[in-house]
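Notes follow once the structure below has been shown.
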Amino acid sequence: MGGSRPVRDRPAHRPPLPAVAAGPTAAPTTTPDPALSRAFAKSDKTSFFVVLKDRPDLSGARGRSSHAARAGNAFEKLRATADTTQAPLRAWLDKRKVGHQDYWIANTVQVTGDKELAATLAARSDVARVVPDHHYALDDIETSDARVTASRTDADTPEWGVADIGADKVWKRYEDRGEGIVIANVDSGVQYDHPGLVGSYRGNNGDGSFTHDYNWYDATGQCGTSGVPCDNNGHGTHTMGTMVGANGIGVAPGARWIAAKGCETSSCSDASLLKAGQWILAPTDHNGQNPRPDLAPDIVNNSWGGDDTTFYQDIVEAWNAAGIFEAFAAGNDGDGTTCSTAHAPGSQAPAYGIGAYDSGGRIASFSGFGPSLVDGSAKPDLAAPGVDVRSTWPGSAYNVESGTSMATPHVAGAVALLWSAAPSLAGDIDATRALLAEGARDVDDTHCGGTAARNNVWGEGKLDILASVDKAPHTAATLTGTVTAGTTGAPLGGVTVEATRDGHAVRSVTTGSEGTYRLSLAPGTYDLRLSGYGYASATATGLALGENQALGRDFALTAVAAHKITGTVRDVTGKPLAGADVSLDGTPVPAVTTDARGTYELPAVAEGTYTLTVRPAAPVLCDGVSSGTVAVTADLKRDVRLPARSDAFGHTCAPAAYSWIDGTKKVPLSGDEDATTIKLPFPVKLYGVPYSTTSVTTNGMLDFLAPRVGDYANTDLPTAHDPNGFVAALWDDLVLDKKSSVKTATSGTKGARTFAVVWDNVAYATGTAGRATFEVVLDEASGAVTTQYRTVPDHGAGATVGLQDQSGGDALAYSFNQPVLTDGSAVRFTQGAKG
């Protein structure tokens, strides 16, 4: 759904989602899940999740003193439990050629299979339940095109919801706009450069450049491979604006934001939500690698839901243990009267569910009521403004929408104000919920049960963040100051001021245009570090701050000299590479492009230590991205040879010496969309799983997972859909006629053999002129896979070349529909480090 296209907030007719067996100690399933049975009634094979019984003890995470330590401990415990307890199941699946995607945050494994496989897995003693793959709806939105505007004419006036909860009064009374707090959403994405959001994006380096790694993650693959945030719905941009938007749009405009796209468009799949949930606890780079739990957000908003969930309560409990406050929409299936209309996860006991009311103080007609049909808990927990809420919208526009989706980010933003003003509360989920309840304005409506103070229509009542902040423990010390240039005394904006305690970063802010900063910190002893491009860093250690102490500390930073960085960029083979992008991350130094000789020059770089990043121009092929530290103290020559690009498993690729092998044994294969299984002369590993057979297809593939049936159009990799577990030498629509053949050849001695599968003189079903001759060579000793090309008439313009794992979650693509294959060439894929 396009960003400027309105979507409706009234509930669509969706099939009910299944009830879930509660708790990790549930007995092995003996009766099929009704929803899973319905899925098998429609198809012989379906995707489902195998949920294991074991859960880690996360109590140790709650006791840690800092956000980074809590998140790190939870991450380690979750990963360790999943690795240990999933190992027997993974081995069982691998032995039977069943592809799987493994998750650690909920200790579950996703597989695709038939009814018999599901029943066999459900009977295992280590399995709690087997449940189908679900899709949950983003809260639909009630709006109209007439309500989409290009700008706000009253930019200085807080939106009605912001004022109704007292957020603007918190700004004034406490000089608190959420500074030092990081908010995330799991949603449809965010337009990161929207004028109302770009200033608060954590990936904004403040100099016109952006770092999206660890600040943005697309679990769905809908935004492409660039790693740049997108929103193909509008929903996520809207909810983010209510949290942190500038000019009166957001509740906590001083907070920073990051985002995980866990919803494909207007719905969210279990797989994407699991990946997003993991990323929230341990953000990664754009490849989903190198997790950093120390960069986890403080708060996460979730404006989506369904009638039930399979395991999202496990994710909620993991977040809570890590000290990450979560807020969930209660859903829009209410009718103003009927009880038990709230949706999970917001209606599940571990989650904090939010209802909606309008500017007249009336509960919204669509707001979901309790008690919960999932577990009987009282829901919602709180109500917030959710009718006619104006916020940011893709295309640098603004839009008025209604839904519990719009109410929930008011609560997330309110918690940012609370934790910023009272830092001793940060990470304390129970105390925070208690303060929100204490400050809320009670509404007496007990027709769905409960009391005037806590009922199943309003929860604890209407959100009043001013009252909650007033009641908070105001023991915080305040550290303020001005940062100036030492030589001129001019104020310096864009300087990062970071406070650390016991070696962990606690809170950081950035100076404004006047060079001022303000840090609200719990009593204790801190170290302070200031950093800004073009100036030497400054530190202050051992700052002892007592309760309610106000301490002023100004800093004058010393300007540093500038020097040039020059060098030559070479590709993975060592040849000079033209057109590569060379940049210094997080600096205002403009990026440059290598010339025809592969050389570059960054003419004026201030002294300091930076990350020099080199990215090859498209097509990517086997050249990876180089990122390395450079310490600039004088003119510097830095030559860069790009590393081989790799997948998560550790496979790499590189051009190889061409050494053609003729086929000797014919494979019984002919026509269009044909496949046949052959025996391999030695075990071949694909993503760590050994195979003794493979299926050879007419379309230039070796499928190790199963005999390939069906006409699959080639795609970019990875693709979560069939086929999975393959080597694509020239995946295209090919035909074997009387002039064509497929043969194999084995050579060498045991332990050092090679096995070639050769497609000879193959025609194109699409009508492309000419014929292709190519092969796959498997190496017994190294496990390497080499693809070789004798003739390729269209140079691969319509083909996919690469490897993909058994689940569709990991792959190494050499090319996709790119004319980059040359006659007499070879590409070698090395075995991954995990193989």
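Throughout, read-outs are computed from the coordinates displayed, never taken from laboratory work. Just so it is clear, the model here is predicted, and its values are computed rather than measured. Positions of Cβ are backbone-derived with ideal geometry, glycine not excepted, and every protein chain shown enters the neighbour counts.
Below are the figures for this structure:
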read-out: Unit charges on C-beta of K, R, D, E only; dipole of the stretch 648-772, Debye; value: 740 debye
read-out: Order by protection proxy (mean Cβ within 10 Å, highest first), peptides 99-112, 400-413, 668-681, 249-262; value: 400-413, 249-262, 99-112, 668-681
read-out: Of Ser209, Pro345, Ser396, farthest towards positive along the dipole that unit charges on Lys, Arg, Asp, Glu beta carbons give the chain; value: Ser209
read-out: Distribution of pairwise C-alpha distances over the stretch 652-830, 5 Å bins, in %; value: 2, 9, 19, 25, 23, 16, 6, 1, 0
read-out: With 10 Å bins from 0: P(r) over the stretch 542-696, alpha-carbon pairs, percent; value: 9, 23, 20, 15, 15, 10, 4, 3, 1
read-out: Burial order of peptide ranges 177-186, 429-438 (average beta-carbon count within 10 Å, highest first); value: 177-186, 429-438
read-out: Cα-centre dipole for the chain with unit charges at Cβ (Lys and Arg positive, Asp and Glu negative), debye to 20; value: 1960 debye
read-out: Alpha-carbon Rg/Rh ratio, for the stretch 476-530, with Rh computed the Kirkwood way; value: 1.01
read-out: Subset of Lys77/Lys261; Lys275/Lys462; Lys665/Lys738; Lys666/Lys739; Lys665/Lys750; Lys53/Lys115 violating a 23 Å alpha-carbon distance limit; value: Lys77/Lys261; Lys275/Lys462
read-out: Normalised contact order of the chain, rounded percent, pairs of Cα under 8 Å and 6 or more residues apart; value: 9 percent
read-out: Set of lysines near Lys575 by C-alpha distance (under 23 Å), chain-local residues within fewer than 8 positions excluded; value: Lys637
read-out: R0 of 45 Å, Cβ-Cβ distance Glu607-Arg362: FRET efficiency to nearest 0.05; value: 0.15
read-out: Mean Cα-pair separation over length for the stretch 477-557, i.e. relative contact order, pairs under 8 Å, 6 or more apart, %; value: 39 percent
read-out: The stretch 562-641 - Rg (one decimal) and Dmax (whole number), Cα, Å; value: 11.9, 36
read-out: Lysines whose Cα lies under 17 Å from that of Lys172, excluding same-chain neighbours fewer than 8 positions away; value: Lys471
read-out: Residue-averaged [θ]222 nm for the chain, counting only DSSP H segments that reach four residues, each worth -39500 (n - 2.57); value: -4500 deg cm²/dmol
read-out: Ranked packing of 633-645, 541-553, 343-355, 65-77, most packed first, by mean Cβ within 10 Å; value: 343-355, 65-77, 633-645, 541-553
read-out: Radius of gyration and maximum dimension Dmax of the stretch 154-471, Cα, Å; value: 17.6, 55
read-out: Cα principal axis extents for the chain, largest first, Å; value: 83, 71, 52
read-out: Distance in nm between pseudo-label sites at Asp527 and Ser37 (7 Å out along the Cβ direction from Cα); value: 6.2 nm
read-out: Selection from Thr629, Thr694, Ser646, by position along the positive dipole direction of the stretch 571-711 (Cβ); value: Thr694
